[in-house]
Number of protein chains: 2
Amino acid sequence: MLKQETLSKNQQIVLDYIEKVNEPIKAYSILHNVQKKGIKAPLQVYRALDKLVEIGKIHKIESRNAFVACKNSNCQISKATAFSICESCEEVSEISDSKLSKYLKNFQDKAGMKFNKYNLEFFGLCKKCSIK
Amino acid sequence: MLKQETLSKNQQIVLDYIEKVNEPIKAYSILHNVQKKGIKAPLQVYRALDKLVEIGKIHKIESRNAFVACKNSNCQISKATAFSICESCEEVSEISDSKLSKYLKNFQDKAGMKFNKYNLEFFGLCKKCSIK
DNA sequence: TGTTAATTGTTATAATATAACATTGTGTAA
DNA sequence: TTACACAATGTTATATTATAACAATTAACA
Ligand SMILES: [Zn+2]
Ligand SMILES: [Zn+2]
Ligand SMILES: [Zn+2]
Ligand SMILES: [Zn+2]
């Protein structure tokens with residue numbers, strides 16, 4: 001079977017909503033907002049989220065248990081992600097920095113472990129919040 | 001009031017257990033294992049965990065919702081953490097690499113956000129699991 | 001000693017996520 | 001086209017992770 005090219009109905013509904021809100025959003029908030037589209041149960045949302053993460057259309061912000069659409073037109077299938085998170089207003093941006101990603105992709109730890117994936121989350125104050 | 005020098009009773013019980021097991025462990029597993037010491041409720045564990053994270057004695061592995069003792073004798077009060085995680089056996093090691101931490105501490109994103117903290121999690125196969 | 005903050009104890013509940021199982025849809029190849 | 005395999009769906013129940021609210025106690029210190 002060929003690699004999936006089109007999203008299933010539920011996957012598309014969930015992705016459409018995540019892309020529309022354009023900021024990190026939690027699974028049950030998604031559920032709430034797509035019930036009018038016929039999605040009724042948490043599992044339907046979580047299954048769509050799993051697939052969307054797997055194919056790199058969205059990422060999970062682990063420290064926030066939230067999901068956000070990928071802005072980098074796909075992050076090598078979600079294997080290398082970096083975010084900045086404002087601890088005051090909770091604004092999250094996906095970092096796209098080729099030097100950083102190159103550095104991390106090539107990072108070799110002392111135990112000789114070979115990595116195929118990483119997730120990096122920076123925390124601080126965004127510009128708006130730091131002048132307050 | 002001076003900065004806390006000694007841990008409270010519950011904090012010490014929880015830390016002792018985390019240091020003893022020497023691998024990432026989940027909050028409710030901690031609860032189970034310290035009940036003989038008199039800790040009865042989840043909140044008692046979570047409060048101790050919060051404090052221990054805050055003072056850098058332990059770290060949270062965000063992608064696993066698990067907690068592990070700090071091996072770097074304190075990571076500048078837990079503001080800069082990096083881990084390698086084996087996706088097969090779930091072994092987790094704290095990475096101590098001064099070049100990496102220097103690189104990340106000095107990283108400046110394009111939006112001009114100033115960071116005071118980061119968490120990095122690498123995923124792959126540990127040596128043992130990759131020869132299987 | 002009186003005052004403040006930190007810590008504890010306790011019950012209840014919120015928020016996040018998965019198990020299990022039956023059913024339906026879709027792509028592929030004989 | 002039919003049969004197969006796999007992906008996706010629907011549904012109910014439950015597991016796991018974490019916090020709210022409030023009262024009581026303990027520790028630090030001026
Ligand atoms: Zn991305
Ligand atoms: Zn902000
Ligand atoms: Zn550490
Ligand atoms: Zn391993």
- Query: When you look at B:Leu100, is it in a helix (DSSP H, G or I) and within 12 Å of chain A (Cβ to nearest Cβ), yes or no?
  - Reply: yes
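Let's see how each residue does on (1) of a type outside the set (Ser, Thr, Tyr); (2) assigned by TED's automatic domain parsing to the domain that holds A:Cys126; (3) within 20 Å of B:Phe122 (Cα to Cα):
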residue: A:Ile13; (1), (2), (3): yes, no, no
residue: A:Ser29; (1), (2), (3): no, no, no
residue: A:Val34; (1), (2), (3): yes, no, no
residue: A:Lys40; (1), (2), (3): yes, no, no
residue: A:Gly56; (1), (2), (3): yes, no, yes
- Query: In the range A:63-81, is there at least one residue being touching a Gly at 6+ places or on another chain (Cβ under 8 Å), within 7 Å of chain B (Cβ to nearest Cβ) and either aliphatic (A, V, I, L, M) or not in a strand (DSSP E or B) (or both)?
  - Reply: no
- Query: Does the range A:2-53 hold any residues that are within 17 Å of A:Val92 (Cβ to Cβ) and surrounded by fewer than 13 Cβ atoms within 10 Å (Cβ to Cβ), and which are they?
  - Reply: A:Lys20, A:Asn22, A:Glu23
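Per-residue answers, yes or no, for (1) charged (D, E, K, R); (2) farther than 29 Å from A:Lys60 by Cβ:
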| site | (1), (2) |
| --- | --- |
| B:Asn10 | no, yes |
| B:Val14 | no, no |
| B:Leu52 | no, no |
| B:Lys57 | yes, no |
- Of the residues in the range A:64-100, those that are in contact with a strand residue (DSSP E or B) (Cβ under 9 Å, 6 or more places away or on another chain), among the polar types (S, T, N, Q) and at pLDDT below 95 number 4
- Of A:Leu43, A:Leu31, which residue is modelled with pLDDT of 95 or more, more than 9 Å from every other protein chain (Cβ to nearest Cβ), in contact with a Pro (Cβ under 7 Å, 6 or more places away or on another chain) and within 16 Å of DNA strand D (Cβ to nearest atom)? A:Leu31
- Task: Among the residues of the range A:84-97, write down those that are within 10 Å of another protein chain (Cβ to nearest Cβ), out of contact with any Cys (no Cβ under 7 Å at 6 or more places or on another chain) and of a type outside the set (Gly, Ala, Ser).
- Result: A:Ile85, A:Glu87, A:Ile95, A:Asp97
- Query: For B:Phe123, are the conditions met, namely being away from DNA strand D (no atom under 16 Å from the Cβ), in contact (Cβ under 8 Å) with a residue 12 or more places away in the chain and not assigned by TED's automatic domain parsing to the domain that holds B:Pro24?
  - Reply: yes
- Test A:Glu23 against the criterion of being within 16 Å of DNA strand D (Cβ to nearest atom), in a loop (DSSP other than H, G, I, E, B) and out of contact with any Ser or Thr (no Cβ under 6 Å at 6 or more places or on another chain), and give yes or no. no
- Note on the structure: Only one of A:Lys117, A:Lys99 is surrounded by fewer than 18 Cβ atoms within 10 Å (Cβ to Cβ), in contact with a Ser or Thr (Cβ under 9 Å, 6 or more places away or on another chain) and closer than 24 Å to B:Lys79 by Cβ, namely A:Lys117
- Item | Selection within the range A:103-122 - facing another protein chain (nearest Cβ under 7 Å), under 14 Å from B:Val92 (Cα atoms) and part of a loop (DSSP other than H, G, I, E, B) | A:Asp109, A:Ala111, A:Gly112, A:Met113
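The values are calculated or read from the model by the stated rules, or taken from the named source; none is laboratory data. All values derive from a computational prediction rather than experimental measurement. Glycine also receives a Cβ, built like all others from the backbone with ideal geometry; neighbour counts cover every protein chain displayed.
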